[in-house]
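The values are calculated or read from the model by the stated rules, or taken from the named source; none is laboratory data. Being a predicted model, the structure only gives us computed values, none of them experimental. A quick note on method: Cβ atoms are made from the backbone with ideal geometry, for glycine too, and the neighbour counts reach across all protein chains shown.
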Amino acid sequence: MAAGALLVFSLWLVGLVQARLSDQEWYRISQVVLGGAFVLVLLALPTANYLNRPEWLQSLPLVMKLPEGGFQQRNVFASFLGSALIWAWAMRLRAQRQSWTGHLALGVMAFFVAWCIYLSGSRTGSVGVSICVGLLLLAAVWRGWRGAGLWVPLISVIAALALTIYLPIEDINARMADLADGSSTRTRLSMWQVAWHTGLQAPWTGHGLGSFTEAFHPVFVSLAQSGVSLSYVNYLNHPHNETLLWWVEMGLFGWVFVLLPWVVSILYLGLWRNPSALLFCAALGPMLLHTQTEFPLHTSGVHWWLAGLIIVSTVRRDLLPQRPMQLKPLWPGVIATFSLVAVITLVHTGWLSYQNWTRAKRPELPLAEHIERRAQDPELNHFILGREATDFWILTLSRIALSQSNAAWVGELLPSLESMQTRWQGPAVWNALAQAYALRDQRQQLVDHLRWVSALQPAEGAKLRAQFQP
């Protein structure tokens with residue numbers, strides 16, 4: 001997603017530059033964004049990963065009960081919230097708004113947004129917001145913005161942190177104490193170490209876009225079997241670091257000819273003799289920091305959208321193109337057409353995802369009828385959802401065949417199941433493959449498979465050895 005998003009992001013930046021918005025207009029846009037984030041927070045807080053009071057949302061439609069505000073995970077949601085909050089706060093300070101009604105409204109939203117970030121348990125989100133609030137405080141003091149517009153939201157953020165520390169909802173103290181050498185940190189360090197070695201196997205052009213999982217795991221197994229102490233997390237499909245993901249998939253070519261020009265250009269516009277440089281760093285910081293511990297730019301288009309708003313609103317305007325673009329009459333129609341296609345695609349994908357969810361909750365059917373119906377589900381052939389849906393349908397069919405001890409059917413499914421394992425490394429897939437090899441008496445493949453699993457997850461390997469050791 002990140003590779004293709006760069007083109008759309010370029011057009012987004014060009015469009016924002018051409019808009020030539022004033023400080024007051026940027027302020028109003030930022031408040032709308034923060035207001036939307038605030039609504040997402042109110043809908044997210046009652047869910048299981050926060051206050052765990054789902055009954056508060058019982059009467060709402062399904063789309064308003066999505067966990068993490070509809071984002072893939074809490075960490076991604078937290079970095080978006082952090083940047084949205086600090087950007088809106090910075091734009092209000094820069095616009096020199098003095099209304100006490102506005103100060104109090106921002107204070108209320110700041111409290112709930114910050115509380116949601118701290119409750120999420122996202123250490124990157126919590127640390128990023130805390131650091132970037134400090135940067136904003138420095139910028140405000142330097143620029144002379146020392147009134148209620150600074151202190152009211154600051155008190156709200158501090159109150160949210162204090163409430164999180166003293167309430168037994170999310171043990172943020174333990175998570176922060178675990179930051180230096182906890183399991184999550186050790187696992188990430190292992191990912192980064194193996195990702196670096198994986199990139200060294202194809203340093204010039206990388207292993208190819210979308211190849212991370214297939215390229216990463218053989219290197220992990222090789223290093224583990226050679227005695228390197230590593231920690232693994234199931235179903236890993238990225239190294240929890242955007243920079244290393246580009247290194248593995250695109251090598252030096254991706255770093256030098258794609259990432260470096262973007263980084264240099266944006267940092268030049270944002271930092272070089274820019275009076276809003278600290279605002280630029282503070283607002284972009286939570287999302288930027290998150291790119292080095294997760295992969296938000298590969299999972300969240302909203303992060304790209306918000307990053308564009310932050311960049312154009314805080315860079316030096318005298319460095320931006322001053323001459324308006326003169327579009328040919330054809331271009332508005334072209335842009336409108338592509339936009340319509342994008343919207344239709346997103347709506348259609350969302351509708352198929354919803355249908356898939358409802359089908360998962362339909363009453364149990366006789367096995368033959370279930371297989372026949374499932375094979376006709378449209379998401380199996382969808383250009384976005386199809387690969388993952390097909391993979392897990394293969395896993396389901398394999399389990400059915402194994403439960404019936406149907407060696408012939410298992411043999412037909414085995415190549416697809418082996419291919420699936422290159423993309424999905426986890427106990428469910430490992431167990432199914434071990435059963436398949438045992439059922440078909442493929443002893444050498446079973447031995448090799450047990451060694452592979454033991455290198456990735458020794459505990460899971462021990463379980464499989466106890467059950468299937470030839």
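Checking the condition modelled with pLDDT of 95 or more and in contact with a Gly (Cβ under 9 Å, 6 or more places away or on another chain), which residue from CYS132, CYS116 passes?
Values: CYS116 fails: modelled with pLDDT of 95 or more.
When all the criteria are applied, what remains is CYS132.
The single residue among ASN75, ASN52 that is modelled with pLDDT under 95 and either hydroxyl-bearing (Ser, Thr, Tyr) or in a loop (DSSP other than H, G, I, E, B) (or both) turns out to be ASN52. Taking region 214-228 as the search range and keeping residues that are touching a residue at least 60 places away in the same chain (Cβ under 8 Å) and buried (at least 17 other Cβ atoms within 10 Å of the Cβ), which one is nearest to GLY426 (Cα to Cα)? That would be HIS217. I'm trying to understand the selection: among the residues of region 25-49, which are touching a residue at least 40 places away in the same chain (Cβ under 8 Å) and outside any helix (DSSP H, G or I)? Those that are touching a residue at least 40 places away in the same chain (Cβ under 8 Å) and outside any helix (DSSP H, G or I): LEU45, ASN49. Specify the residue that is nearest to the chain's Cα centre (by Cα); the eligible residues are those in region 193-212 that are in a helix (DSSP H, G or I) and surrounded by fewer than 17 Cβ atoms within 10 Å (Cβ to Cβ). Among those that are in a helix (DSSP H, G or I) and surrounded by fewer than 17 Cβ atoms within 10 Å (Cβ to Cβ), it is TRP196.
For every residue, the table says whether it meets (1) under 25 Å from the mean Cα position of the chain (by Cα); (2) under 25 Å from CYS132 (Cα atoms); (3) modelled with pLDDT of 90 or more.
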{"residue": "TRP255", "(1), (2), (3)": "yes, no, yes"}
{"residue": "ALA282", "(1), (2), (3)": "yes, yes, yes"}
{"residue": "LEU288", "(1), (2), (3)": "yes, yes, yes"}
{"residue": "GLN292", "(1), (2), (3)": "yes, yes, yes"}
{"residue": "LEU306", "(1), (2), (3)": "yes, yes, yes"}
{"residue": "ARG323", "(1), (2), (3)": "no, no, no"}
{"residue": "LEU327", "(1), (2), (3)": "no, no, no"}
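Within region 408-427, being surrounded by 15 or more Cβ atoms within 10 Å (Cβ to Cβ) and hydrophobic (A, V, I, L, M, F, W, C) holds for TRP409, VAL410, LEU413, LEU414, LEU417, MET420, TRP424.
Here is a yes/no grid of residues against (1) among the polar types (S, T, N, Q); (2) within 23 Å of THR213 (Cα to Cα); (3) within 29 Å of the chain's Cα centre (by Cα); (4) at pLDDT 90 or above:
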{"position": "PHE383", "(1), (2), (3), (4)": "no, yes, yes, no"}
{"position": "VAL429", "(1), (2), (3), (4)": "no, yes, yes, yes"}
{"position": "VAL447", "(1), (2), (3), (4)": "no, yes, no, yes"}
{"position": "TRP452", "(1), (2), (3), (4)": "no, yes, yes, yes"}
{"position": "ALA462", "(1), (2), (3), (4)": "no, no, no, yes"}
{"position": "ALA466", "(1), (2), (3), (4)": "no, no, no, yes"}
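For the residues LEU209, LEU179, LEU167, LEU150, the requirement of being hydrophobic (A, V, I, L, M, F, W, C), at pLDDT below 90 and more than 22 Å from SER120 (Cβ to Cβ) singles out LEU209. None of GLY121, GLY125 is modelled with pLDDT under 95 and assigned to a loop (DSSP other than H, G, I, E, B) except GLY121.
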